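Here the structure is laid out as structure tokens; the discussion comes afterwards.
The values are calculated or read from the model by the stated rules, or taken from the named source; none is laboratory data. Everything quoted here is computed from the prediction, not taken from an experiment. Neighbour counts are summed over all protein chains in view; Cβ atoms, including those assigned to glycine, are modelled from backbone coordinates with ideal geometry.
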Amino acid sequence: MGKSFLFRLVMIGGMVGSLTIANMVGWGADLSELEEASDVIIVMKDKAFHVIKGGNPDPDNPFFFMEAGLDHIITLRNEDTVAHEFVSPYFRNVEIMLSGEATMVFPKFAAGFRVDPGKTITIRFTAPHLVDGMKTRQDLFWCNIHGKKPGAKMRGELVLTETVRDIP
Ligand SMILES: [Cu+2]
């Protein structure tokens, strides 16, 4: 695999309010290396999210964990024949670096990525700190095409926990 990536970032719905997704550059590593370095890997298949690393693999109840204040790498792989999205209110105020080919999407109160069939992307960001006294923070993530309605399959939860690992 080469070291160059195609970046196709398209703003849909316009930039709104406090959105600070920025600094979207590749960071020079191979996508497969990035996948290996990922603490969370999510496969989108059969119109469901399969969290195969870093969370619950059950597509009926997908969730994954992140630690507050630490760097995280998430790989998203679309193995379906239709495009899927990965959006969350969580990403509205997080600065994200993207590797791979995706379309940025900004549905109401959320932000995220649309990944075409057969494509893989990797995103890297620093998880925010928890507000004082909070042990965890939970946010929904969903596919805004197939998981918009409560009860739909393409909906899951992102769980931000207290920092457990040492910060170097
Ligand atoms: Cu979808």
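Observations, loosely collected:
- Being assigned to a loop (DSSP other than H, G, I, E, B), touching a residue at least 40 places away in the same chain (Cβ under 8 Å), out of contact with any Cys (no Cβ under 9 Å at 6 or more places or on another chain) and of a type in the set (Ser, Thr, Tyr) holds for only one residue in Thr163, Thr81, Thr75, and it is Thr163.
- Residue match in the range 127-143 (condition: of a type outside the set (Lys, Arg), over 16 Å from Phe64 (Cα atoms) and within 16 Å of the ligand (Cβ to nearest atom)): no
- Residues in the range 119-130 that are assigned to a loop (DSSP other than H, G, I, E, B) and either touching a Phe, Trp or Tyr at 6+ places or on another chain (Cβ under 7 Å) or more than 17 Å from Ile145 (Cα to Cα) (or both): Ala127, Pro128, His129, Leu130.
- Residue check for Lys108: part of a loop (DSSP other than H, G, I, E, B), within 12 Å of the ligand (Cβ to nearest atom) and either crowded, with 22+ Cβ neighbours inside 10 Å or more than 11 Å from the chain's Cα centre (by Cα) (or both): no
- Scanning the range 78-101 for residues that are within 13 Å of the ligand (Cβ to nearest atom) and surrounded by 19 or more Cβ atoms within 10 Å (Cβ to Cβ) returns Asn78, His84, Glu85, Phe86, Val87.
- Test: residue in the range 40-51 that is at pLDDT below 95 and farther than 19 Å from Ile145 by Cβ: no
- Scope the range 141-160; condition more than 17 Å from Val43 (Cα to Cα) and touching a residue at least 12 places away in the same chain (Cβ under 8 Å); matching residues: Val159, Leu160
- Against the numbered list (1) more than 16 Å from the ligand (Cβ to nearest atom); (2) modelled with pLDDT under 90; (3) within 21 Å of Gly55 (Cβ to Cβ), Gly151 comes up short only at (1).
- Condition met for Leu158 (at pLDDT below 90, assigned to a strand (DSSP E or B), buried (at least 19 other Cβ atoms within 10 Å of the Cβ) and away from the ligand (no atom under 14 Å from the Cβ)): no
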